[in-house]
Amino acid sequence: MASLFPYTFISCPCSDASRRALTSKRLSREVELDQQIQQDEETFDPRQPRSSFSLFPPENLLYCEECHDIKCPRCVTEEINAVYCPDCLFESPKVMVRGEGNRCPRNCYHCPICTSQMITTSVGDPKEGPFILNCNYCMWNTLDVGLKFDKPTGIRTQMDELANGGGAKSRSSSIIKSSYSGQDQPPRTSSLALPPFSPSDDQTETSEPSDKAVPRTAPMDAASRFNALKTFYKEQITESSATDADFPASTFDMAYSSPSSLQRIMNIYTNPSSSLKRSRQKLTIMREARTRDEGFQAAQPSEPFDYDEATTSSQRAFQYPSFIGNPDAVKARDLKPMPTLMRTKRSKRCAACKHILTRPELKISSARYRIKLIALNYIPYVTVKPLPVPGGGGLPPPSGPDGSADVLLPAAKPVQFIMTLRNPLFEDVSVSLGTPSVTPGKHGHRVTILCPQFQIGKNSDAWDDALKTTNSNSNLPSTRATEGGDQIAGKLYDQGRNWVSVVLEIVPASIFRKQGDVLDEDEDVVEIPIRVRLEWTVTDEDGGILERRRKKDGKLLEGGDADDADDGKRELSYWMVLGIGRVDC
């Protein structure tokens with residue numbers, strides 16, 4: 001799974017089949033099937049394909065204090081708290097973000113060549129202008145594509161007023177008058193601000209005649225051409241529907257839930273003879289657009305150019321969406337600077353109880369979190385290292401034949417490792433570790449944990465241990481050196497204030513292969529599934545939080561037994577996978 005050994009993965013309980021059977025409303029046979037699957041998979045197998053979707057690094061997991069369980073990215077729901085520009089840190093309303101294509105509405109732009117941030121500079125008078133956008137990394141500027149701006153602010157508004165190629169779009173040229181509809185169709189100004197399909201008479205705007213407003217040689221932009229084509233085909237559909245009585249008056253009214261559509265569908269099955277007769281009739285064929293007013297535009301033959309002037313695939317992909325950039329650009333001079341993509345600040349909630357797991361601060365310039373319940377603050381942090389052997393023996397340094405960081409384990413020889421668990425809680429935690437004697441999979445490796453049950457001290461201040469002079473603390477082996485630890489079954493190897501080390505013994509299986517055979521991917525990796533069970537008691541030292549929960553539970557029970565309320569006892573169990581190394585075969 002990972003290239004760096006050793007590593008630790010944790011399985012999220014949401015993939016547990018028995019839990020899905022209890023929380024879902026399904027048929028009994030489906031529940032029995034899930035229970036059978038759970039019995040077959042009682043020991044977690046990290047080799048199974050479905051296990052890859054339930055294993056996560058401990059850093060990516062959260063913890064819910066209401067459900068008392070680990071939460072993976074699939075167990076949480078996200079809520080957007082704020083939308084802002086990462087360059088200028090300007091927060092925008094969600095309505096404006098939708099209208100602007102999720103881009104910065106101010107002066108933040110990125111270079112279309114190297115995608116670096118651009119700055120506004122003046123090419124003349126620093127106050128009068130004109131102004132351009134300049135990239136300090138690749139020295140590209142908007143003069144290369146013929147773009148100049150009258151003001152140093154409101155660059156996004158000025159860019160929206162420019163057509164493809166850098167020419168300024170006048171109001172008369174931005175309105176294309178169709179000779180079929182007799183009405184003016186204003187172009188689209190944003191991604192969602194679409195004009196209505198059937199504009200009313202009060203929305204009609206008066207404009208100059210088309211022969212003066214739009215020069216025949218001037219190219220049409222994408223929005224004007226779209227409006228002209230839409231108007232032309234609406235007129236063609238209306239003319240075609242006039243010759244067919246069964247065809248609806250407007251194709252835009254053909255919704256599956258409309259009465260006319262349901263009537264047409266019923267007539268096909270109730271009157272097969274009439275539908276067959278109608279199918280033999282000669283249908284009216286719509287013609288295609290022919291003139292510029294109808295949205296027709298002839299393809300321009302491409303001229304030969306140098307390879308250095310061509311655009312790359314990454315540069316064309318950076319030009320999306322099409323109403324802001326030019327994703328069809330072939331030459332570098334056809335590229336356009338792109339506004340900065342907006343970012344979001346999100347909070348996460350538990351999908352089961354809706355408890356807040358993470359919530360960032362509302363201030364855009366702050367990267368702190370008001371609430372952040374990560375799993376590493378509630379479960380022990382596990383590290384694994386080889387057991388040092390007196391005299392300099394033991395495993396070789398982690399370096400494989402190709403220079404990668406691999407730990408090679410000799411086959412059929414016992415190898416011992418030190419597994420250390422650190423307690424992040426402020427309470428003593430009882431830990432129980434369970435692992436199969438032989439790991440599941442094609443090659444079974446023998447595993448033994450010398451001390452599977454122990455207790456880890458609380459994560460208190462280091463000065464507390466220094467000030468304690470009781471006899472119980474004097475008997476703790478915390479002052480013992482790591483090299484002098486005992487490798488005896490049932491005893492800890494080493495122990496400290498809030499950490500415990502145990503010995504893990506592994507006997508890798510021998511992997512035999514014929515000459516020329518190639519192993520499957522990660523077939524020689526030694527992965528050990530360990531069932532971890534934690535038990536601790538929450539003390540009432542955090543401002544009466546536990547007392548408030550007891551009162552809340554008492555109200556919900558309506559005077560029931562006090563033993564059913566929250567008594568502060570917590571229990572958590574999960575599967576953990578340790579990647580030790582590779583078998584030397």
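Answer yes or no: is there a residue in region 513-527 that is in contact (Cβ under 8 Å) with a residue 24 or more places away in the chain and open to solvent by 50 Å² or more (accessible area, probe 1.4 Å). There is at least one residue in region 513-527 that is in contact (Cβ under 8 Å) with a residue 24 or more places away in the chain and open to solvent by 50 Å² or more (accessible area, probe 1.4 Å). Of the residues making up region 319-352, those that are more than 21 Å from Cys85 (Cβ to Cβ) and assigned to a strand (DSSP E or B) are Lys331, Lys348, Arg349, Cys350.
If you check Gly496, Gly516 for being assigned by the TED database to the domain that holds Leu578 and at pLDDT 75 or above, only one passes: Gly496. Elements of the type helices (runs of 4 or more DSSP H) sitting completely within region 246-318 and holding at least 1 residues that are within 42 Å of the chain's Cα centre (by Cα) and modelled with pLDDT of 75 or more: these cover 259-270, 313-317.
Tyr137 falls short of the stated requirement of being among the aromatic types (Phe, Trp, Tyr) and surrounded by 15 or more Cβ atoms within 10 Å (Cβ to Cβ). Of all residues assigned to region 63-71, none qualifies as being in a strand (DSSP E or B), within 20 Å of Arg156 (Cβ to Cβ) and touching a residue at least 24 places away in the same chain (Cβ under 8 Å).
Screening the candidates Arg26, Arg47, Arg74, Arg19 for the property of being of a type in the set (Lys, Arg), outside the structural domain of Tyr574 (by the TED database), modelled with pLDDT under 90 and part of a helix (DSSP H, G or I) yields one hit, Arg19. Could you look through region 155-166, keep only residues that are in a loop (DSSP other than H, G, I, E, B) and out of contact with any Pro (no Cβ under 9 Å at 6 or more places or on another chain), and pick out the one that is modelled with the highest pLDDT? Among them, the one singled out is Glu161. Here is a check on your reading of the model: is Phe226 at pLDDT 80 or above and surrounded by 12 or more Cβ atoms within 10 Å (Cβ to Cβ)? So Phe226 passes the test.
Restricting the first member to region 285-311 and to residues that are under 30 Å from Ile113 (Cβ atoms), and the second to residues that are hydrophobic (A, V, I, L, M, F, W, C), the beta-carbon pairs closer than 6 Å and six or more apart or on different chains are Glu309/Ala332; Thr311/Ala329; Thr311/Ala332.
Against the list (1) outside any strand (DSSP E or B); (2) more than 26 Å from Val330 (Cβ to Cβ); (3) touching a residue at least 40 places away in the same chain (Cβ under 8 Å), the condition Ile80 fails is (1).
Per-residue answers, yes or no, for (1) closer than 30 Å to Leu578 by Cβ; (2) touching a Leu at 6+ places or on another chain (Cβ under 7 Å); (3) of a type in the set (Asp, Glu):
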position: Ile70; (1), (2), (3): yes, yes, no
position: Thr77; (1), (2), (3): no, no, no
position: Pro86; (1), (2), (3): no, no, no
position: Leu89; (1), (2), (3): no, no, no
position: His110; (1), (2), (3): no, no, no
position: Ser116; (1), (2), (3): no, no, no
position: Val123; (1), (2), (3): no, no, no
position: Asn134; (1), (2), (3): no, no, no
position: Thr142; (1), (2), (3): no, yes, no
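Is it true that Val330 is over 24 Å from Pro57 (Cβ atoms) and touching a strand residue (DSSP E or B) at 6+ places or on another chain (Cβ under 9 Å)? Considered against the rule, which asks whether it is over 24 Å from Pro57 (Cβ atoms) and touching a strand residue (DSSP E or B) at 6+ places or on another chain (Cβ under 9 Å), Val330 comes out as yes. Only residues that are at pLDDT 80 or above and either in a loop (DSSP other than H, G, I, E, B) or open to solvent by 50 Å² or more (accessible area, probe 1.4 Å) (or both) were counted in region 440-470, giving 16. Residues in region 91-113 that are touching a residue at least 60 places away in the same chain (Cβ under 8 Å) and either among the aromatic types (Phe, Trp, Tyr) or not in a loop (DSSP other than H, G, I, E, B) (or both) were compared, and the one that is most open to solvent (accessible area, probe 1.4 Å) is Arg98.
Scanning region 389-423 for residues being surrounded by fewer than 17 Cβ atoms within 10 Å (Cβ to Cβ), touching a helix residue (DSSP H, G or I) at 6+ places or on another chain (Cβ under 8 Å) and either aliphatic (A, V, I, L, M) or modelled with pLDDT of 85 or more (or both) gives a total of 0. Scanning region 29-44 for residues that are in contact with a Pro (Cβ under 7 Å, 6 or more places away or on another chain) and either assigned by the TED database to the domain that holds Val526 or at pLDDT below 85 (or both) gives a single hit, Thr43.
The values are calculated or read from the model by the stated rules, or taken from the named source; none is laboratory data. Bear in mind that the values here come from a model prediction, so they are computed numbers and not experimental data. Cβ atoms come from the backbone with ideal geometry, glycine included; neighbour counts cover every protein chain shown. Quick note on the areas: whole protein, heavy atoms, side chains included, nothing else; ligands and nucleic acids left out. Shrake-Rupley method; radii C 1.70, N 1.55, O 1.52, S 1.80 Å.
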